[in-house]
Amino acid sequence: MKKILITGGAGFIGSHVVKLFLQKHPTATLVNIDKLTYAGNLENLKEIEAHPNYVFVKGDICDRKLVKSIFSSYAIDTVVHLAAESHVDRSIESPFEFAQTNIMGTLVLLNQAKESWEKDFSNKLFYHVSTDEVFGSLEETGLFSETTAYDPKSPYAASKASSDHFVKAYQNTYGLPVIVSNCSNNYGPNQFPEKLIPLVIHRILENQCIPIYGQGLNVRDWLYVEDHANAIDLILRKGKLNHTYAIGGANEWTNIDLVKLVCRTMDNALGNKKGTSEKRIEFVKDRAGHDKRYAIDSSKLANELGWKPSLQFEEGIQLTVHWYLENKTWLENVVNGSYQEYYKKQYNTTP
C-alpha cells in the first residue's frame with residue numbers, strides 16, 4: 001500500500017501521470033501537491049478529484065513546513081517529482097523564478113525525504129523527472145543517452161541540471177534511493193498553449209499568424225505524453241535504484257516540418273482548402289541561445305524494461321488535434337484565463 005507524493009500533478013505531464021497511477025496502483029494513496037501557477041489546471045483532473053485514493057494539496061514545494069507535514073500526515077514512501085517551471089522563453093525573462101522552484105524546491109523535497117526515511121531507506125524511492133535539455137545541443141548526428149555529459153544552455157536547462165545533480169548528490173552522500181529520467185519534448189492533450197503544438201492549433205482556430213523562430217530548422221525529438229506517463233510508471237515499478245533512464249519518442253522533426261504537419265492535419269480536420277493554414281506561418285527573430293538539435297537514445301529503457309513509444313508522430317498529432325477540436329472550451333478557458341475561476345470555487349483563492 002504505497003503512499004505516493006506526486007509534485008506538479010495539475011500540470012500537463014503531471015495530470016496524465018496522476019490519472020494513470022490511479023489505474024495502475026489501485027491500493028496506493030496518491031497525494032498531489034501543486035502550486036497552481038498559470039500552468040496548473042485542476043480542470044485536467046476533474047474526472048478523478050473525488051477518487052477515494054486521491055488527495056490534492058494546493059501548495060509550494062519550496063514551503064518546508066508544508067512539505068514536512070505532507071510526509072508526516074500521509075507517511076509518504078515514494079516521491080514522483082514533476083513540479084517545475086518549464087518554459088524556456090519564460091526562463092530567459094525570469095531566471096530567478098526557475099532557480100527557486102526547480103533547484104530550491106527539489107532540495108526541500110530531497111531533504112525532507114532524507115529526514116523522513118533515514119532510519120529505513122528500504123522500500124522508499126525519490127523519482128526525479130527531468131529533461132533532455134540538461135545535455136545542451138547536438139549537431140547533425142549523435143544522440144543523448146544516460147552517459148551524456150551535462151551542458152545546459154538556457155536558464156531553464158541550467159536549473160534542471162542543478163536539480164539533477166542535487167538528486168544524485170543526495171544518493172551519493174546520504175544513500176537516498178533515487179531514480180532520474182530525462183525525457184524529450186512532450187506533446188498531447190491538456191498542454192498549455194504557450195508550447196509549440198497547441199500554440200499552432202490555437203492560432204489556426206483563431207485565424208492568427210503562426211510564429212516560428214529563425215528558419216524553423218531546429219530539431220526536436222517528440223514524445224507523446226501518455227507514452228511518457230507509461231514510461232514513468234514502468235520505471236517506478238521496475239527501474240533500478242540509483243540509475244538514470246533516457247526517454248525519447250524516436251521522432252525527430254524540424255520545427256518547420258512539424259508546424260506544416262500540424263497545419264495539414266488541422267486543414268483536413270476543419271475541411272479547409274489545402275495549404276490554408278501554412279499561409280499563416282511567419283518567421284520571427286530566433287530565441288536567444290536556441291539549441292540546434294535534441295534527440296534521445298532510449299535503448300537502455302527498451303532493453304532493460306521493454307518500453308518503447310506506442311505512437312509515431314503523425315498518429316500522435318492526429319490524436320492531439322482531435323482532442324483540442326473536441327475540447328475547444330478547455331482551450332478557450334485557458335487562453336482567456338477563466339480556468340482559474342475553478343481555483344476560486346475550490347480554494348477561495350487565485351494562483
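Observations
- Residue list for region 143-162, restricted to those being basic (Lys, Arg) and part of a loop (DSSP other than H, G, I, E, B): Lys153
- Scanning region 58-81 for residues that are more than 19 Å from Ser163 (Cα to Cα) and part of a helix (DSSP H, G or I) gives Lys65, Leu66, Lys68, Ser69, Ile70, Phe71, Ser72, Ser73, Tyr74.
- Lone unmet requirement of (1) on the phi < 0 side of the Ramachandran plot; (2) part of a loop (DSSP other than H, G, I, E, B) for Leu30: (2)
- The set of residues from region 31-81 being touching a residue at least 60 places away in the same chain (Cβ under 8 Å), touching a Ser or Thr at 6+ places or on another chain (Cβ under 9 Å) and hydroxyl-bearing (Ser, Thr, Tyr) comprises Thr37, Tyr74.
- The single condition among (1) more than 17 Å from Leu109 (Cβ to Cβ); (2) assigned to a helix (DSSP H, G or I) that Pro52 does not satisfy is (2).
- Failed criterion for Ile201 (all others in (1) in contact with a strand residue (DSSP E or B) (Cβ under 7 Å, 6 or more places away or on another chain); (2) farther than 24 Å from Leu143 by Cβ hold): (1)
- Region 209-327 holds helices (runs of 4 or more DSSP H) entirely within its bounds, and those carrying 2 or more residues that are touching a residue at least 12 places away in the same chain (Cβ under 8 Å), surrounded by fewer than 21 Cβ atoms within 10 Å (Cβ to Cβ) and touching a Leu at 6+ places or on another chain (Cβ under 6 Å) map to 225-238.
- Which listed residue, of Glu140, Glu133, Glu146, is buried (at least 18 other Cβ atoms within 10 Å of the Cβ) and not hydroxyl-bearing (Ser, Thr, Tyr): Glu133
- Residues in region 82-108 that are modelled with pLDDT of 95 or more, out of contact with any helix residue (DSSP H, G or I) (no Cβ under 6 Å at 6 or more places or on another chain) and not in a loop (DSSP other than H, G, I, E, B): 6 in all.
The values are calculated or read from the model by the stated rules, or taken from the named source; none is laboratory data. Just so you know, these numbers come straight off a predicted model, no measurement behind them. All Cβ positions, glycine included, derive from the backbone under ideal geometry; neighbour counts span all protein chains shown.
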